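Sending over a structure as structure tokens; questions will come in a sec.
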Amino acid sequence: MSGQRNTKTKRAKTELAQFFTPQPVAACIWKVVQSYLGKGEWAQLRVIDPAAGEGIFLEVVASGHKVAVEQIYGIEIDAKLVDKVVNKTQFFSGDGLAQDFPAVQSASFDVVIGNPPFGRVGEVVPQLYRKMGSQWAEQFSIWRAGAGAGNKRRLNHFPIEVLFIERALQLARPGGLIAFIMPEGFLTNDRLQRVRDWILGQADLLATIALPDAVFHRPGVHAKTAVIVLRKKGGAQSHRRAALMVQDQKKGTLEQAMEDILRHVRAAQRGRKGKYVMRIPALELWGQRWDVQYWRGRQAGVAIDRRFALVALGDYIEHLTYGPIVTGRKPRHEEAGIRVIRQGNFAETGLCLEESLRVATGGVYDPQRSRVQEGDLLLPRSGAGALGRNRLAVYLEDEPANIGCFVDRLRLRGLNPFFAWFFFKTEPGWQQIRALINGVGTPNINFSEIRSLRLPLIPEETQEYLEERYRREVWPLHCRRSGDEIARQRSAERFKEIIADLSSFTGGQIRSFG
């Protein structure tokens, strides 16, 4: 069932769809695994894929002729795929999560490798196990860590790929390796943080390798994935080490992309540095995401000149809130009402409020807690067209206003809001926001993530100069942008100049400006 996903159809609630691992990807993953194996481990090496699909991982393992064919095992739940498997010596038809098979004992495999199915348990597993509910899940501690025991509904919604990780840990010997393709959501989602930490208690994360976007790109499906490489604790080689974070999204053929990834991994293992690989100490992984993008953002501070201390934005937030959420109805426009600032009101150079929604003053869409005042920093917290394009703004109007439910209002103390706005438009600032945006579904960022954003503590007079420069050079042109194309272009150019100057200042290329 390698790489299977569920898709809804008009004829049935769910239908099992199969997306198999391309041969260059499987071959690269196996070579990565080989790079972590000791020289003396080949003679009796045992390898298993518990969701083998058409057997592509079994084929690439067998093709190297270093592993005996009788030591290569595969399990696949879809009996129709058995005839397509080349290596059938140790291939079994059945459920790789729940059934016992000859010679498939726990803690007996040196390598567990594959591309497990993605999706909710209740949509993927057979009806038999769905009816068994929590009884079937009793073998999985990871489900209890991530969802809470005794809750059948939560089990049905739990990611089945996570259960396969625990199954892999059951099958691997102490010190054994696990290499799985996983959806980006497993690496990034907050609700799976306890799951990731549970895994770190059982295994060391050796590497996260972001796969090219094209690997599982089909009409109607665009699954972002990565390979995780784990070493089960307890073996002679089991010790805490830095995890490699590898990402190279250069354009080219899939074969070339996988060759480049393998080259980056091998170079990093020899101690070489490169822009496509980061090393994250094992202790820093606890309580954190595992995706490469997140760690790129975390390390964005290295571009900041050392003369500036890095501080958390949360230390300067006096009040942080979002707009009202009213379910079951939509706001009605009131000509004489109070203005509401929504995602669509954000432009690159500031807010565009000429055609903004107005709602009844003091009504459900105008609570006092989210009222906006001049100088508030506003941040869309969701949406590819606003958050995904790094749109922020400072409110500069005298007129009272409120915010929509997808906009956050930050009231700062001790930090100029214009400086915060401009810094998060620089590359080190934007990398942090981009790293925190959830990789599954609509882009979004939560309060704790906003508070965790870091920025350099530059002198107050420089912060004030940035505000003065914006008000003098950009704001007058921005106010004319709706009816004057030249003004719009000039405001954008001058805004970019401010951002570029700030980037050079915080990066140490220039010592002062203003």
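The values are calculated or read from the model by the stated rules, or taken from the named source; none is laboratory data. What you see is a predicted model; the values in this text were computed from it and never measured. Every residue, glycine among them, receives a Cβ derived from its backbone with ideal geometry; neighbour counts consider all protein chains shown.
Out of segment 146-170, which residues are part of a helix (DSSP H, G or I) and either modelled with pLDDT of 80 or more or under 15 Å from Val229 (Cα atoms) (or both)? Outline the logic, then answer.
Step one: list which residues in segment 146-170 are part of a helix (DSSP H, G or I), which gives 146-147, 152-157, 160-170.
Residues satisfying the conditions are Ile160, Glu161, Val162, Leu163, Phe164, Ile165, Glu166, Arg167, Ala168, Leu169, Gln170.
Given the criteria within 25 Å of Lys425 (Cα to Cα) and either touching a Ser or Thr at 6+ places or on another chain (Cβ under 7 Å) or surrounded by fewer than 20 Cβ atoms within 10 Å (Cβ to Cβ) (or both), does Leu378 qualify?
When the stated conditions are applied, Leu378 does not pass them.
Checking Ser504 against (1) surrounded by 14 or more Cβ atoms within 10 Å (Cβ to Cβ); (2) free of Cβ contacts under 8 Å to residues at least 24 places away in the same chain; (3) of a type outside the set (D, E, K, R); (4) outside any helix (DSSP H, G or I), which single condition isn't satisfied?
Condition (4) is where Ser504 drops out.
Restricting attention to segment 303-335, which residues are surrounded by 10 or more Cβ atoms within 10 Å (Cβ to Cβ), acidic (Asp, Glu) and more than 27 Å from the chain's Cα centre (by Cα)?
Passing the criteria: Asp305, Glu318, Glu334.
Of all residues in segment 474-500 being among the charged types (D, E, K, R), under 18 Å from Leu392 (Cβ atoms) and in a helix (DSSP H, G or I), which is nearest to the chain's Cα centre (by Cα)?
Lys496
Something else now. How many residues does segment 307-343 contain that are of a type in the set (Gly, Ala, Ser) and within 24 Å of Phe423 (Cβ to Cβ)?
Result for segment 307-343: 3.
Follow-up. For segment 304-339, name all the residues that are closer than 18 Å to Ile403 by Cβ, among the aliphatic types (A, V, I, L, M) and in a loop (DSSP other than H, G, I, E, B).
Ile325, Val326
Any idea which of Arg342, Arg413, Arg409 is in contact with a Cys (Cβ under 9 Å, 6 or more places away or on another chain), in contact (Cβ under 8 Å) with a residue 60 or more places away in the chain and closer than 30 Å to Arg454 by Cβ?
Among Arg342, Arg413, Arg409, only Arg342 is in contact with a Cys (Cβ under 9 Å, 6 or more places away or on another chain), in contact (Cβ under 8 Å) with a residue 60 or more places away in the chain and closer than 30 Å to Arg454 by Cβ.
Are any residues in segment 439-473 assigned to a loop (DSSP other than H, G, I, E, B), under 30 Å from Arg191 (Cα atoms) and touching a helix residue (DSSP H, G or I) at 6+ places or on another chain (Cβ under 8 Å), and if so, which ones?
Scanning segment 439-473 gives Gly439, Val440, Pro443, Ile445, Asn446, Leu453.
State which residue pairs qualify: first residue more than 16 Å from Cys352 (Cα to Cα) and inside segment 455-478, second residue basic (Lys, Arg) in any location, beta carbons under 6 Å apart, and separation of 6 or more residues or different chains.
From segment 455-478, the pairs are Glu473/Arg494.
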